[in-house]
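Note sheet for the following structure.
The values are calculated or read from the model by the stated rules, or taken from the named source; none is laboratory data. Here the structure is a predicted model, which means the values were calculated and not measured. Counting neighbours? That spans all protein chains shown, and the Cβs are built from the backbone with ideal geometry, glycine included. With ligands, DNA and RNA removed, areas are computed over all heavy atoms of the protein, side chains included. Shrake-Rupley method; radii C 1.70, N 1.55, O 1.52, S 1.80 Å.
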Amino acid sequence: MELRERQGQLSALQQYAREAREGRGRLVLVSGEAGVGKSALVEAFVEECAYARVLTGACDGQFTPRPLGPLLDIAVQAGGTLGRLVAEVAPRESLFAAARDELADGPLTIAVVEDVHWADEATLDLIRFLARRLRDARCLLLVTYRDQGLPFNDPLLISLGDLSSLPGTRRIAVPPLTRAAVAELAVDGPVSGDELYRLTRGNPFYVGEVLRGVPGEVPPSARDAVLARLAQLPPAGLRYAEAASLLGTRIDPALLVEVGGDDPSALDALVVTGLLVSDGTGLRFQHELARVAVEQETAAHRRQPLHQRILAALVERGVADDARLAYHAEGAADAAAVLRYAPEAARRAASLRSHREAALQLERALRFADDEPVTARARLYDALAREISLLDRWDIAAEHAQRALALWEEADDAEARSGTESFLCRVMWRLNRGQEGLALAQQAVRTVEGLGDTPALARATTDLAALLCEEVRNEEVLAVLDRAERLARSLDLPDVLSDALNTRACVLGMMEDPGWFEVMRTSIEMARDHGLHSQSGRGYANMHDLLAKAHRFPEAVSLYREGMAYCNDHDIATYGSCLLAGQAAVELDLGHWDDAESMSRQVLAKPYLSPANAIPPHKTLGQLLGRRGDPAALEHLDAAVGSATETGEAGWLGITLPERAEVHWLLGDSAAALADFQGAWPVVEKMNGWRRGLVAVWLRRLGQPVALDIDDLPEPARLSLQGDHEAAARAWESLLCPWEAALARYDAGTEESLREALAGFETLGADAAARLCRRGLRRLGVRSVPVGARATTREHPAGLTPRESEVLELLVEGLRNDEIAGRLVISVKTVDHHVSAVLAKLGVGSRSAAASEARRLGLDALPR
């Protein structure tokens, strides 16, 4: 059927090709329902691009995808380094780099990846990897996918969210045909245009099936239309069609003849029906909808022998695709073959970080493993638990790990049992079952303690230290770490040593030992040097957390960018979520509340988010909403405190109870606030000075001061407790913390300080705190109390007040604060406050940086 109503999409593709040819690479996401003509559109476009090199690959929806299937297709066409690396089964990083180089080669390369709604994780990672590196490449990467029927947690939807934010990404939607186009096609057809449109809703594939159908018969569905054509075949042709439906997306004619029969004329009859078409190198179904219809119609008693013949033929030909062989082995009910190929397919998928596909292959193997030895089943369950955990499905991972543990106990294998106990302790921690996790960690050490210095003992000891760290048992943790590090060094276990150093850095950070920074850097560098992705991700997440807790925000922001780039490139979802949630808290401290809210909600929207990873975004979002006066804040904070309580770990309560207490106070419930602060204090007094100081200031604010040595506290808290609130506010401003600065001025309680605090709160949008300031001003007898932020403040691109905008303009001119005060006829002190607010709102740390940012954003050209 000719291509209709697609000129707009073709023109857009041609424009993107011109841009790519000029060195501005493009990723184009082509979406539409099944049968709407995405492939036809791409084929028509490619035919017009004789000047370009075209490479094509497709994802197969027939069986558990082979990892990087489209890349393997492209490698066969491209040859060269990419082809060689694929043949050598090279590691993922090498394949990705070679793909990038291959697509950037030549005047213009058009790479087409079809049907990514069936893509494995590694293929989605490859698309993300390439998309981030297209900006200066002469490459047009076309990706087609179905945009209907995807569950909310489908990995494709998450990937599309990431890809859509990239500057080189473009989208093309392919809609169904209009009623007018269908009417044109229906001329001289078996049904009227209106009836054809009613039946097909403009879907081109179904339109074509109806028009090609038996005269006088109108099939009620596309499937029925396909089956009507199938019914016209002789018995031998039907056997070929059924065999073809099991062979996959692309069909080798010689293989089809071998498994489908020995009557080539019957194959010719099948091709004549239009169900199979030639694509130049072989055969394929006219559409996947047609293949599925034929496969579903193939009776079970005919399907199993076909799978047996296909498996035998593939093995005879030396095919090394374990995923494909495992699929046909299962269809053939050949247990021995399944157990030969499925675990190998899982290992290859795991090595490429296609964890979903690895898990599916392991589940396939377990379906046939009932008669296998205990140790073989234990290995399969243990491997499955680890792959599932990497998908953030911790509850299911726990079930499989417990099955493995029971089997290891039955097999009396102490080292393997300890390894599973160590893994399961980390799973329990993720599930907020910290006490169970600690008990498992202790048991893992006892299980192998009598076997001498073994790798299992080194790993179990390291995991025990990590669990004890969460209990804020610092001295005990350091003693356990001494043993773990000695074992790791003597046994040359870089993964264990990196983990142990990471935990040591966390403990030193909590103890405010400045040496923590170098220890953590060493842990990360060791992990990166040895290609230990999980350890690297953990290092970035914990280092960012420690920098944020120490209020070293510029360093935290820089590390966040480095760590997120690493986690994205290596598909480390769990630690990427940790970093994103941690940065949301940093943005809250820096006064970038919209960013904080967006990041927190992004983390909470992730599918299968572990309970432990949900605590920080709930805490940040609840605190932000509370400052804005939104009662929904307590829903998030109650969730955070509830999960923290479930962990049984003191550290979590120390970072959630004070945040909920603050919101109770803002919403007018001082008694609930005091109860939370007092409940947190026994834990907080063992934490770092920033946290001790924050809670001590709050308790003093609520009239319940605690006894502590304030000389050990950071400057802002020490000044507040000494009653020098203005100095404390300036100290907070030097750290780029506008909320804390405004709160310190609120504590001063004078008219001038309350006005300054009110201005700060209004700038942030902290309505709840602003109301408290106005109440305080009224108690002082002030009559002219500001009623709220002016519309001009809300409308300014950077949220500046008119006065702050004037100050920024003079900063751009290079004036000093005393010169600005003279120009605007205000005090130097007031200018100081305005400059601090401007720096905070622009997210910069100096006057010169503010001027540069203003020029970049065009703020210096705005009218006053």
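Here are some notes:
- When +1 charges are put on Lys and Arg Cβ atoms and -1 charges on Asp and Glu Cβ atoms, the dipole computed for region 272-327 relative to its Cα centre reaches about 160 debye.
- Point-charge dipole on Cβ atoms (K/R +1, D/E -1) for the chain, about Cα centre, debye to 20: 1960
- Estimated inter-spin distance, Glu43 and Ser670, nm [label 7 Å along Cα→Cβ]: 7.7
- Calculated from backbone phi, Karplus (6.51, -1.76, 1.60) coupling profile of region 656-664 in Hz, x at Gly/Pro: 10, 4, x, 5, 5, 4, 4, 5, 4
- Separation between Cα centres of region 421-446 and region 18-69, rounded to whole Å: 47
- Take the Cα of Asp263, go 7 Å toward its beta carbon, and the backbone nitrogen atoms of region 224-244 under 11 Å from that spot belong to 233-240.
- Extension gain from Arg856 to Asp712, taking 0.36 nm per residue of separation minus the Cα-Cα distance: 47.7 nm
- Longest exposed-site-free window of the chain, the sites being chymotrypsin sites (Phe, Trp or Tyr not before Pro) in a DSSP loop that have at most 12 other C-beta atoms within 10 Å: 153-864
- On the basis of the beta-carbon distance and an R0 of 30 Å, Ala336 and Glu297 show a calculated FRET efficiency of 0.50.
- Ligands, DNA and RNA left out, the accessible area of region 333-379 computed with a 1.4 Å probe is 49% carbon and sulfur.
- Karplus 3J(HN,Hα) series, Hz, for region 804-814 with 6.51 cos²θ - 1.76 cosθ + 1.60 (x for Gly, Pro): 5, 5, 5, 4, 4, 4, 6, 4, 4, 6, x
- Net lengthening on full extension, Gln704/Glu415 (0.36 nm per residue, minus Cα-Cα): 98.7 nm
- When volume of the Cα convex hull per residue in Å³ is computed from the coordinates, the matching label among [x] 174; [y] 196; [z] 243 is [y].
- For the pair region 663-687 and region 387-413, the centres of their Cα atoms are 39 angstrom apart.
- GluC sites (Glu not before Pro) within region 685-782, DSSP loop, no more than 15 other Cβ atoms inside 10 Å: Glu685
- Between Ala122, Leu621, Val277, the Cα set farthest toward the positive side of the dipole of the chain (charges on each charged residue's Cβ, about the Cα centre) is that of Leu621.
- Toward the positive end of the charge dipole of the chain, with +1 on the Cβ of Lys and Arg and -1 on the Cβ of Asp and Glu, the farthest Cα among Pro155, Ala441, Ala741 is that of Ala741.
- Put a plus charge on the Cβ of each Lys and Arg, a minus charge on the Cβ of each Asp and Glu, and nothing anywhere else: the dipole of region 500-562 about its Cα centre is then about 140 debye.
- Most positive-pole-ward Cα, Ala500, Ala644, Ala661, against dipole of the chain from beta carbon charges: Ala661
- Sites Arg521 and Thr454 - FRET efficiency at Förster radius 35 Å, r taken between beta-carbons, to 0.05: 0.75
- A simple spin-label model places pseudo-atoms 7 Å from Cα toward Cβ; at Arg778 and Val191 they are separated by 7.0 nm.
- Placing dummy labels 7 Å off each Cα toward the beta-carbon, the span from Val315 to Ala565 is 4.9 nm.
- Placed amide H near Val112: partners under 5 Å, 5+ positions off or other chain: Leu55, Thr56, Gly57, Leu142
- Region 88-152 and region 270-300 have their alpha-carbon centroids 27 Å apart.
- Hull volume in cubic angstrom per residue (convex hull over the Cα atoms of region 243-383): 127
- Take every Cα pair under 8 Å whose residues are at least 6 apart in sequence, average their separation, divide by the length of the chain, and the relative contact order is 6 percent.
- Rounded to whole numbers, the Karplus 3J(HN,Hα) couplings from phi for region 187-198 are 4, 6, x, x, 9, 6, x, 5, 5, 5, 5, 4 Hz, using 6.51 cos²θ - 1.76 cosθ + 1.60 with θ = phi - 60°, and x at Gly and Pro.
- Solvent-accessible area per residue in the chain equals 41 Å², computed with a 1.4 angstrom probe and all protein chains kept.
- Partner lysines for Lys619 [C-alpha distance under 25 Å; skip if fewer than 8 residues away on the same chain]: Lys549, Lys606, Lys686, Lys841
- Protein accessible area in region 412-518, 1.4 Å probe - carbon and sulfur %: 50
- Multiplying the residue separation of Ala173 and Val277 by 0.36 nm and subtracting their alpha-carbon distance yields 34.9 nm.
- Leu150-Ala12 FRET efficiency (beta carbon distance; Förster radius 30 Å; 0.05 resolution): 0.80
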